[in-house]
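The values are calculated or read from the model by the stated rules, or taken from the named source; none is laboratory data. Only a predicted model underlies this, so the values are computations on that prediction, with no experimental measurement involved. Neighbour counts run over all protein chains shown; Cβ positions are idealised from the backbone, glycine included.
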Amino acid sequence: MKTAIVGGGCFWCLEAIFQRLRGVSEVRPGYCGGHLDAPNYAVVCAGDSGHAEVVEITYDAEVIPYATLLSVFFSIHDPTTSDRQGADIGSQYRSVIVANDEEEYWVAQGAILHAQIEWGAPIVTEILRTTPFFPAESYHHRYYDNHADAGYCAFVIAPKLAKAAARFGALLHTPLST
């Protein structure tokens, strides 16, 4: 099993999609890329810690390659907006990939070039070299599954799930319910 770390807006959105992909065994929301040793949601949301909201994806590379994970990643968020995704504004919502080694770094570079063609606007996704991952508080885990009727889930996450299901349905091990 391998791990990949990406951030593209609210970690609840990313978690809801990645946890339904075949070959993914676990998705944990958390924080990366900042200067504090023990970030928490309040500090990260204040915008002064330098951390991004991310998900750590544990996956079987024989079933779903890293490049495929990045393809999904670039299709489920807007990598052309700096420090925001929709109404979520702040550096914690920036687009980021954490490269755990040189191979992941170059695959991420290639994914950005491919996304550039697809999006047609400059990609602002940041590639970080290996950086510590700090798990988010337990109430963030499986947020969509536990709160699907909440406003944010219904109006922000559900449409992203539908978009992912339409484009990546063959990669799913569970239906993306909306």
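Here Trp106 passes the criteria (1) hydrophobic (A, V, I, L, M, F, W, C); (2) loosely packed, with under 15 Cβ neighbours inside 10 Å; (3) assigned to a loop (DSSP other than H, G, I, E, B) except the one numbered (3). Of all residues in the range 9-21, those being over 17 Å from Tyr41 (Cβ atoms) and either aromatic (Phe, Trp, Tyr) or in contact with a helix residue (DSSP H, G or I) (Cβ under 6 Å, 6 or more places away or on another chain) (or both) number 4.
For the range 34-51, what are the residues that are over 25 Å from Ala148 (Cβ atoms) and not in a loop (DSSP other than H, G, I, E, B)? Selection gives Val43, Ala46. Annotation note: Cβ proximity below 6 Å between a residue of the range 1-17 that is free of Cβ contacts under 8 Å to residues at least 12 places away in the same chain and a residue that is surrounded by fewer than 24 Cβ atoms within 10 Å (Cβ to Cβ) and of a type in the set (A, V, I, L, M) (sequence gap 6+ or interchain) occurs for no pair.
Select from the range 59-80 the residues that are farther than 15 Å from Glu118 by Cβ and under 15 Å from the mean Cα position of the chain (by Cα) and write down the one among them that is surrounded by the fewest Cβ atoms within 10 Å (Cβ to Cβ). Result: Tyr66. Scanning the range 55-77 for residues that are in contact (Cβ under 8 Å) with a residue 12 or more places away in the chain, not in a helix (DSSP H, G or I) and not polar (S, T, N, Q) yields Val55, Glu56, Ile57, Tyr59, Asp60, Ala61, Glu62, Val63, Ile64, Ile76, His77. Annotation: of all residues in the range 1-50 being among the charged types (D, E, K, R), under 18 Å from Glu137 (Cα atoms) and surrounded by fewer than 24 Cβ atoms within 10 Å (Cβ to Cβ), the one that is modelled with the lowest pLDDT is Asp37. Quick check: anything in the range 89-99 assigned to a loop (DSSP other than H, G, I, E, B), touching an Asp or Glu at 6+ places or on another chain (Cβ under 6 Å) and of a type in the set (D, E, K, R)? Yes, the range 89-99 has at least one match. Among the residues of the range 99-119, the ones that are within 16 Å of Cys32 (Cβ to Cβ) and in contact with a helix residue (DSSP H, G or I) (Cβ under 8 Å, 6 or more places away or on another chain) come to 3 in all. Of all residues in the range 117-135, at least one satisfies being polar (S, T, N, Q) and at pLDDT 95 or above. Here Arg84 clears all of (1) modelled with pLDDT of 95 or more; (2) under 29 Å from Phe155 (Cβ atoms); (3) touching a helix residue (DSSP H, G or I) at 6+ places or on another chain (Cβ under 8 Å) except the condition numbered (1). Of the residues making up the range 14-33, just one is closer than 18 Å to Pro132 by Cβ, assigned to a strand (DSSP E or B) and small (Gly, Ala, Ser), namely Gly30. Being modelled with pLDDT under 95 and of a type outside the set (D, E, K, R) is true of Ile76. Residues in the range 51-95 that are of a type in the set (Lys, Arg) and farther than 19 Å from His140 by Cβ: Arg84 only.
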